[in-house]
Amino acid sequence: MKAPVDIVVTGAAGQISYSLLFRLAAGELLGADQPIVLRLLEITPALPALRGVVMELNDCAYPLLHKIVVTDQPRIAFAGVDYAFLVGAKPRNQGMLRSDLLQQNAEIFAVQGKALNEVANRNVKVLVTGNPANTNALIAIKNAPDLAPDCFAAMTMLDHTRAVSLLAGKCGVSTTDIKNVTVWGNHSCTQYPDLHHARVKGAEALSLVENDWFVNEFIPTVQYRGAEIIKARGQSSAASAANAAIAHMRTIVHGTADGDWVSMAVASDGSYGIAEGLVFSFPVTVAAGRINIVKGLDINDFSLQRLRNNETELQEEREAIRYLL
Ligand code: NAD
Ligand code: LMR
């Protein structure tokens, strides 16, 4: 039997975690022969509820679930972890923007960045899901100076899978027929889901759909999907967010498929003129655990304007929490 791998999930009593934990314990991230230790972090008042979740995890008798650690101490939660799902943060309610959460949630990622810096595995892979995810990831990066910035990413995989699903539905094909969709920028309603390089069964996506559908239906549907779900459910997306978190980490573990890419928000290296260091969603490939921004794509004026709008928004968010960097 292999040695167990340590995975931490923060906000472990919350609604996303209620989907995520059971899938991790079933082996969906690392496979059917890899035991795991689940390290679960919560705030103190949520520990009783978390104990109920732990009872349920135990009741499943998962063969791969070697051990569960429950704590309200980040340094205990993050000790020696290889994979970190930073989910724990307030969600927005109807009528709010994700950026309205910035002041409430920012401090969490400063504290957790410091703790990861002190005790996590030096090759830890961190996924920030808590909103506003891009700027929270930036805060974590800046508070973890001994970890490489490329250990961190913020989650735009849910926007990516939303875009893939919408295009597949429009074209009447399977989602597996869709390649090279990109979500650029911020996980906010400014995000830019882009079909200029996307392919449907090998054909250019924009030759198959009307421009009016792309501009006036596809883009806003992806941008506002989170808000629509809150309106319908009274709570933000949870199972689909957990699915995206697993898809993101699985991509880190297994790499991207040949000829395809996914969207991840990572520290900009200046690609496409985006200010260095901003956590910005790019098209990326992954090989041997390394995330590589896809370079050299043609960006027309329509797209460039949208990339710039995202850059400006992220710079404004960064200014609002500069005291934590
Ligand atoms: P939730 O309120 O159901 O759960 C959040 C949990 O985090 C709670 O149990 C809370 O006690 C815990 N928590 C709060 N502060 C913490 C801290 N300092 N340390 C550890 N745990 C802490 O919320 P949810 O629906 O699970 O959503 C969590 C976050 O994910 C929200 O910010 C939400 O907006 C965001 N989200 C992001 C995406 C995305 O695509 N990036 C998708 C869905 C939701
Ligand atoms: C989403 O995109 O579903 C999440 O970011 C939750 C939200 O607040 O919209």
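Points worth noting:
- Which numbered condition Gly11 misses (of (1) over 20 Å from Ser237 (Cα atoms); (2) touching a helix residue (DSSP H, G or I) at 6+ places or on another chain (Cβ under 7 Å)): (1)
- Residue list for segment 1-26, restricted to those being open to solvent by 10 Å² or more (accessible area, probe 1.4 Å) and under 18 Å from Leu127 (Cβ atoms): Val5, Asp6, Gly11, Gly14, Gln15, Ile16, Tyr18, Ser19, Phe22, Arg23
Yes or no, residue by residue, for (1) buried (at least 21 other Cβ atoms within 10 Å of the Cβ); (2) touching a helix residue (DSSP H, G or I) at 6+ places or on another chain (Cβ under 6 Å); (3) over 22 Å from Pro193 (Cβ atoms):
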position	(1), (2), (3)
Ile141	yes, yes, yes
Asp146	no, yes, yes
Pro149	no, yes, yes
Ala153	yes, no, no
Leu158	yes, yes, no
Arg162	yes, yes, no
Ala168	no, yes, no
Cys171	no, no, no
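- Residue within segment 220-236 that is away from ligand 1 (no atom under 16 Å from the Cβ), out of contact with any Phe, Trp or Tyr (no Cβ under 7 Å at 6 or more places or on another chain) and part of a helix (DSSP H, G or I) present: yes
- Residue check, Gly185 crowded, with 23+ Cβ neighbours inside 10 Å and either near ligand 1 (Cβ under 10 Å from one of its atoms) or in the same structural domain as Asn292 (by TED's automatic domain parsing) (or both): yes
- Hits in segment 103-119 - residues which are over 15 Å from Ser236 (Cβ atoms) and open to solvent by 10 Å² or more (accessible area, probe 1.4 Å): Gln103, Glu107, Ile108, Val111, Gln112, Lys114, Asn117, Glu118, Val119
- Segment 253-325 holds strands (runs of 3 or more DSSP E) entirely within its bounds, and those carrying 3 or more residues that are under 24 Å from Gly130 (Cα atoms) and of a type in the set (A, V, I, L, M, F, W, C) map to 262-267, 279-287.
The values are calculated or read from the model by the stated rules, or taken from the named source; none is laboratory data. Predicted model only: the values in this text are computed from it and were never measured. Methodologically, a virtual Cβ is constructed for each residue, glycine included, from the backbone with ideal geometry; neighbour enumeration extends over all protein chains shown. Heads up: the accessible areas ignore ligands, DNA and RNA and are worked out on the full protein's heavy atoms, side chains in. Shrake-Rupley method; radii C 1.70, N 1.55, O 1.52, S 1.80 Å.
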